[in-house]
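The next block holds one structure in the form of structure tokens; read it before the comments.
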Amino acid sequence: MIDASHRFFDLPEEEKKEFQRRNLLDPIKCGTSFNVDIEKVHLWRDFLKVIAHPEFNSLYKPAGYSEVSLEFSKRTREVATEILKGISESLGLEADYIAKAMNWDRVRLQILAANYYPVCPQPDKAIGVPPHTDHGLVTLLIQNEMGGLEVKHKDQWVLVNAAPGAFVVNIGDQMQILTNDKYKSIWHRAVVNNKATRISIAVPHGPSLDTPALPIPELLEREGQAPKYIGMTYEKFMELQASPAAYVKPCLDHLRV
Ligand code: OGA
Ligand code: NI
């Protein structure tokens, strides 16, 4: 998957141009930075985002990309399904509780996102991806041999030393809402380096677009807690994250009771 993505980024600019689109539901889009229309500072990265499930979209170039991305998307979805089961059970719920509540079976938007961070001559003056939390339930991430993913731990940025080939699993905002803060979405960022190109593949898994995450009633009752968040459909939440409001305060804070 990493090699196939690398070959995509190596294509001539002319060939990538047709995918330079911006809308949430565009099946295939690539570009530089994050949202060049509204951001003040651009990021040191290119991206490729492909909707891979339930409709599988693919690129006929580079050769082999289509086969690899289909298989990768299927398998990561299976892994994510298992992780959701594990999290449900860890909360004392039926294994399929979260999947059912989030309408997992009719998710219309599973994105396969590749990040490409070229060698940067002054890495301390640039940023690959600024601090953020992922908006979905869980994100599965792999990277090539160049590290660069950092997570915030006790107010310090810590480099993630993932075993080669391992998935890093990040908890996203919808999971924090569902669990009323028991599972917290993790602040993370990507730094760049001056030695070699870094590539990461991130597969965010979220609820169905029309489904709002709400604190799970059974958990609230058991813990004697009041809900800390109001509901918002996942689609609205993603729009919020891509809007200027997200620069003012973190998305979760917009929903806090
Ligand atoms: C992301 C992300 C980090 C990385 O795409 O959401 O956090 O290591 N990427 O590339
Ligand atoms: Ni992220």
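Summary table
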item: Residues of the stretch 212-257 that turn out to be within 18 Å of Ile171 (Cβ to Cβ), in contact (Cβ under 8 Å) with a residue 60 or more places away in the chain and assigned to a loop (DSSP other than H, G, I, E, B), as a count; result: 3
item: Of residues in the stretch 192-206 being crowded, with 24+ Cβ neighbours inside 10 Å and within 12 Å of ligand 2 (Cβ to nearest atom), the one farthest from Lys125 (Cα to Cα); result: Val203
item: Members of the stretch 33-49 that are surrounded by 14 or more Cβ atoms within 10 Å (Cβ to Cβ) and of a type in the set (A, V, I, L, M, F, W, C); result: Phe34, Leu43, Trp44, Phe47, Leu48
item: Boolean, Glu150 is at pLDDT 95 or above and outside any strand (DSSP E or B); result: no
item: Count of residues meeting criterion [over 18 Å from the mean Cα position of the chain (by Cα) and within 10 Å of Pro27 (Cβ to Cβ)] in the stretch 41-55; result: 1
item: Residues (surrounded by 12 or more Cβ atoms within 10 Å (Cβ to Cβ), within 25 Å of Asp253 (Cβ to Cβ) and either more than 11 Å from ligand 1 (Cβ to nearest atom) or small (Gly, Ala, Ser) (or both)) located in the stretch 133-165; result: Gly136, Leu137, Val138, Lys152, Trp157, Val158
item: Residue among Val107, Val129 that alone is more than 9 Å from ligand 1 (Cβ to nearest atom) and among the aliphatic types (A, V, I, L, M); result: Val107
item: Options Val68, Val138, Val107, Val79; residue that is over 23 Å from Thr197 (Cα atoms) and touching a helix residue (DSSP H, G or I) at 6+ places or on another chain (Cβ under 6 Å); result: Val138
item: From the options Ile127, Ile111, Ile98, residue that is part of a helix (DSSP H, G or I) and either within 16 Å of ligand 2 (Cβ to nearest atom) or out of contact with any Cys (no Cβ under 8 Å at 6 or more places or on another chain) (or both); result: Ile98
item: Members of the stretch 131-150 that are more than 10 Å from ligand 2 (Cβ to nearest atom) and touching a strand residue (DSSP E or B) at 6+ places or on another chain (Cβ under 7 Å); result: Leu137, Val138, Leu140, Ile142, Gln143, Asn144, Met146, Gly147, Gly148, Glu150
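The values are calculated or read from the model by the stated rules, or taken from the named source; none is laboratory data. A quick note: this is a predicted structure, and the numbers were derived from the prediction, not measured. Cβ coordinates were reconstructed from backbone atoms using ideal geometry, including for glycine residues, and neighbour counts include every protein chain displayed.
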